[in-house]
Amino acid sequence: MKGLKSLGHEVHLISFGNTHPIPLELQHLCSKVTLVPLSKRTALNNMFFGLFKGWPLQTSLYFSNKLLQAMKQATSETNYDVVHHQLVRLHPYQSSIKHVPNVIDFVDSISLNLIRSAHIKKSLLNPIIRWEARNVRNMEQLASSNYDGGIFISDIDKNNVSLNRDTLITIANGVDLEYFSFQKQLTNNNSLIFVGNMSYSPNREGVKYFIKYIFPLIKEKIEDFTFYVVGRNPTKDLIRLCEKHENIILTGEVDDVRKYLWNAKLFVCPLKSGAGLQNKVLEAMSCGIPVITTSIVSEPIKAKDGQNIIVRDRDEEFAQTIVQLLTDQIQLNNIRNQARTFVENNYKWEHLNVQLVDFYNKTINKHVNGSHPSQTEIKVEVTS
């Protein structure tokens, strides 16, 4: 929204929310803000009735007749250039605004995320997760067909939904390069850091895996180091796990994550599941903090192992490389300098916002010329 405003466009935001008054920043960015309350009771009732429609649970959870009416009223009263839907769970609302040029921002492929999670973690909930993944995949396919255009933040996520739809495009998330500024000098402390919202399962499971299987291998070689786990909503099992180790510091939510990034020598991102583009990795790279991570994280970013990022998938190699890097200042500096340049060249918000507006314009022209897609229903199966 900041980018659209800076380019001279107006935004009317319609969203679920119970916040009053509306935050000043939103008032500044938007020409109008419409908030629709959604109670937990309504959401749970919706989720139950959605089972009979074959909808994914998360789609049913966020369906609201009040939001539907707000969208219908807004598009009947105002001649919008384009309607932008955020996330596939809003697909049931699309039929009410198909008379207006419309796009959906999938962000990542949620079905890919679910399937990866079910593969990695043994759980009694896995049959439900796979069932949800099949329904989400079906809805992703429907949305890719029914909207005038669709946006993903990585090619991997886009290709998981469709390989051959010319209405789909990849536009990555950006990084505020001034906010996540480059540190001229890397700390001398042997401090590792992971940053992420701990309510997000791939983050939480990745950290727990690192502590259980990689952390001990590091301690065998070097004892003088500290691992900072920074992020809101840590679960009780993660808290207990971190408390067992005196050189692991679990912060919970912090006021300014940059203070922790700037005091770290190495950013570790040992995720084994998840999808999309990991902003936390891009932000660390922007700050000049060398990153060691897994292929799942690095491939969507398109960073190059050994140049601007370090990629290791085997536990022993992950730990061994960390030990090596902590004592190799020259390699650390080479990686961090190239990482910052890589982010500047590929993830600058100003460039990405121009891509977004260009995509809007092309989508609007297709809609006006009558080449927008017809409503179709697609059934797919997810192989696991």
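The values are calculated or read from the model by the stated rules, or taken from the named source; none is laboratory data. For clarity, every value in this text was computed on a predicted model and none was experimentally measured. Every residue, glycine among them, receives a Cβ derived from its backbone with ideal geometry; neighbour counts consider all protein chains shown. These accessible areas exclude ligands, DNA and RNA; they are computed on the full protein's heavy atoms, side chains included. Shrake-Rupley method; radii C 1.70, N 1.55, O 1.52, S 1.80 Å.
Observations, loosely collected:
- Using a cutoff of 8 angstrom between alpha carbon atoms and counting only pairs six or more residues apart, the relative contact order for segment 299-349 works out to 45 percent.
- Share, in percent, of DSSP beta bridges within segment 192-265 that are antiparallel, nearest 5: 0
- The calculated Kirkwood hydrodynamic radius for segment 188-340 is 15.2 Å, given to one decimal from all distinct C-alpha pairs.
- Solvent-accessible surface (1.4 angstrom probe) belonging to residue 232, in square angstrom, nearest 10: 110
- Formal net charge of residues neighbouring residue 237 (Cβ-Cβ distance under 10 Å; K, R +1; D, E -1): +4
- Put 6, 123 in order of accessible area, highest first, and with a 1.4 Å probe you get 6, 123.
- More than 27 Å apart - percent of Cα-Cα pairs taken over the chain: 54
- Rg over Rh, two decimals, segment 217-273 (C-alpha only, Kirkwood Rh): 0.96
- Fluctuation leader among 339, 118, 284 - the chain, Gaussian network, Cα springs under 10 angstrom: 118
- GluC sites (Glu not before Pro) restricted to DSSP loop in segment 208-316 with at most 10 other C-beta within 10 Å: 223, 246
- Whole-Å distance, taken between Cα centres, linking segment 1-55 and segment 63-77: 11
- Label-point separation, residue 45 to residue 368 (7 Å along Cα→Cβ), nm: 4.3
- Distance (nanometres) between label positions extended 7 Å along Cα→Cβ at residue 11 and residue 256: 2.5
- With Cα atoms, 0 to 90° folded angle of helix 65-77 axis to the chain main axis: 60
- A simple count of charges around residue 84, restricted to other residues whose Cβ falls under 15 Å of its Cβ and scoring Lys, Arg +1 and Asp, Glu -1, yields +1.
- Nearest-ten-degree value, helix 40-50 long axis tilted from longest Cα axis of the chain: 70
- Cα gyration tensor shape of segment 125-193, rounded if a/c is under 1.5, else prolate or oblate by comparing a/b with b/c: oblate
- Distance between the 7 Å Cα→Cβ label points at residue 328 and residue 348: 3.1 nm.
- With respect to the chain, whose longest principal axis is taken over its alpha-carbon atoms, helix 126-146 is tilted by about 50°.
- Look at the alpha carbon pairs under 8 Å that are at least 6 residues apart: their mean separation over the length of the chain gives a relative contact order of 17 percent.
- Shape category assigned to segment 108-225 from the gyration tensor of Cα positions, a/c cut at 1.5: oblate
- Per residue, the solvent-accessible area of the chain (1.4 Å probe, heavy atoms of protein chains only, all protein chains present) comes to 51 Å².
- Accessible area of the chain belonging to carbon and sulfur atoms, whole % at 1.4 Å probe: 49
- Euclidean distance of C-alpha centroids, segment 91-159 and segment 279-299, integer Å: 25
- For the chain, the share of DSSP beta bridges that are antiparallel, to the nearest 5, is 0%.
- Spatially, segment 189-208 and segment 324-371 are offset by 24 Å when compared through their Cα centroids.
- For the set 2/208; 121/221; 98/362; 40/208, the pairs lying more than 24 angstrom apart at their alpha carbons are 2/208; 121/221; 40/208.
- Straight-line cross-link partners of residue 348 among the aspartates and glutamates, defined as a Cα under 17 Å from its Cα and at least 8 positions apart when in the same chain: 176, 178, 283, 358.
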